[in-house]
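The values are calculated or read from the model by the stated rules, or taken from the named source; none is laboratory data. Keep in mind it's a predicted model, so treat the numbers as computed, not measured. Glycine also receives a Cβ, built like all others from the backbone with ideal geometry; neighbour counts cover every protein chain displayed. In case anyone asks, the SASA skips ligands and DNA or RNA and just uses the protein heavy atoms, side chains included. Shrake-Rupley method; radii C 1.70, N 1.55, O 1.52, S 1.80 Å.
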Amino acid sequence: MFRKILIANRGEIAVRIIRACRELGIKTVAVYSEADREALHTQLADEAVCIGPAAAAQSYLNMESILSACIATKADAIHPGFGFLSENSRFVELCEKCNITFIGPSAAMIDKMGNKSEARKTMMEAGVPVVPGTKEAVYDARRGKELAEQIGYPVMIKASSGGGGKGMRVSESPEDFEENFKVAQLESVRGFADNTMYIEKYVQDPRHIEFQIIADKFGNVVQLGERDCSIQRHHQKVIEESPSVALTPELREEMGAAAVRAAKAVGYESAGTIEFLLDKNKNFYFMEMNTRIQVEHPVTEMVSGVDLIKEMISIAQGNPLSVKQEEIHLQGHAIECRINAEDPEHNFRPCPGVIRQVHLPGGKGVRIDTAVYSGYEIPPYYDSMIAKVIVHGRDRSEAVDKMRSTLGELIIDGVTTNVDFQYEILNNEDFQSGDITTDFIPKHFA
Ligand code: MV4
């Protein structure tokens, strides 16, 4: 049993993890930057250690500082949350060297899935459908063009170390291929110091459907259904929901089985997400695997009843999964709206500052994950997401209605937020009819 866990994160996810630990009777250590002295996670944990200046590179990304805090407080394990060090294999190795349990997958697993071209190859071999395209890595524009010819235009050129849309270009024809390849490759070399590329057939206006899985040290893997994350802006998710209106029970079974196959093929351990693209004809293709807990995990918790953070901790302690696949009965419909301190009227520029007053709604099927409070000052150094509003209804229409009334009651005074923008999406006819693809925001809010 872990006696004490250090949370290597900040904001709502740090608070979420502290709460799970407290329920489990595990002591908590918060780490905080100089800008987060008054932060909620700093105040809620049993102990708190300052790990450096405001800039993330000197605090939340400072491995030595965090490991020192862990050793000094005698914590047994580290939960990384998402972002920051959550997918840093070097950090996982350092934890191991210090005899600290990293609550997540192994360093080797993070590297294996972080290499998108290798992950693609692994999935092809495991019989998980991938977008038609290259099997081997591509390094050279001329060779890439030959392969693109075979795949058929339009194609998508992607960086093997990419993700979040970086190092990615569409090529419409042989005429623009080499230029696009070179631009994408240069972006990859500059951003990730890696010139490894791969090429896929371009899927027009897909849906982003991801499956949550949990896997233990004994090879048990369970899938907890999907999340439809098609509503995105510049590769940042804005609204997530489960189930997806695009899936029939049969397709859900098929995609869920593919997600389990994917996790089993690599011997995955911990909570993870298999991302798929779903095309107009309901073909699904493996995109990438996220080897961490994700921002939108509460949507799955609402429909499955499984506490994913507790499950991650339990798995890391060496326990078998607390549930079997047959025991998972997904119920109702959950929606999450990400609340950001940003100004949609001015190109979504971040709006840090002092929150004068907060009122958080509640009620049946309403959950708000946040770390803000009245008088809290949002520092300018980090992500602009300040709250997640998650609702659960018997069906999608009830969930949408509940989200609208919940957002209507939510008060965050003093800073500009995207709440009105969220409202507009919820009121959109295409959103309400479930006609959502990844081009939803560009299409409706140009
Ligand atoms: C694609 C695609 C179309 N065809 N791949 C964007 C981020 C990265 N994880 C994968 N992405 C895409 N890959 C092929 N072959 C379209 C996207 C894409 C996208 C995917 C999911 C959610 C939002 C998106 C927005 C633009 C493009």
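Do we have Ala148 as more than 23 Å from His234 (Cβ to Cβ), within 13 Å of the ligand (Cβ to nearest atom) and aliphatic (A, V, I, L, M) here?
yes
I'd like to know if the stretch 382-393 contains one or more residues that are of a type in the set (Asp, Glu), touching an Asp or Glu at 6+ places or on another chain (Cβ under 7 Å) and open to solvent by 20 Å² or more (accessible area, probe 1.4 Å). No, the stretch 382-393 contains no residue that is of a type in the set (Asp, Glu), touching an Asp or Glu at 6+ places or on another chain (Cβ under 7 Å) and open to solvent by 20 Å² or more (accessible area, probe 1.4 Å). For Arg349, the requirement of being under 23 Å from Ser230 (Cα atoms), touching a residue at least 40 places away in the same chain (Cβ under 8 Å) and exposed (fewer than 15 other Cβ atoms within 10 Å of the Cβ) is not met.
Each row is one residue, and each column tells you yes or no for (1) out of contact with any Leu (no Cβ under 7 Å at 6 or more places or on another chain); (2) open to solvent by 30 Å² or more (accessible area, probe 1.4 Å); (3) small (Gly, Ala, Ser).
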site	(1), (2), (3)
Leu61	no, yes, no
Cys70	no, no, no
Lys74	yes, yes, no
Cys98	no, yes, no
Ser106	yes, yes, yes
Met113	yes, no, no
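The set of residues in the stretch 20-45 that are in a strand (DSSP E or B) and within 19 Å of Asp76 (Cα to Cα) comprises Lys27, Thr28, Val29, Ala30, Val31, Tyr32.
All of (1) open to solvent by less than 30 Å² (accessible area, probe 1.4 Å); (2) touching a residue at least 60 places away in the same chain (Cβ under 8 Å); (3) not polar (S, T, N, Q) hold for Ile378 with one exception: (2). Scanning the stretch 357-371 for residues that are under 21 Å from the mean Cα position of the chain (by Cα) and open to solvent by less than 20 Å² (accessible area, probe 1.4 Å) gives Asp369, Thr370, Ala371.
In the stretch 210-225, which residues are in contact with a Pro (Cβ under 7 Å, 6 or more places away or on another chain) and under 20 Å from Gly332 (Cβ atoms)?
Within the stretch 210-225, the first condition is being in contact with a Pro (Cβ under 7 Å, 6 or more places away or on another chain), and the residues that meet it are 216, 218, 220, 225.
Gly225 - this is the single residue of the stretch 210-225 that is in contact with a Pro (Cβ under 7 Å, 6 or more places away or on another chain) and under 20 Å from Gly332 (Cβ atoms).
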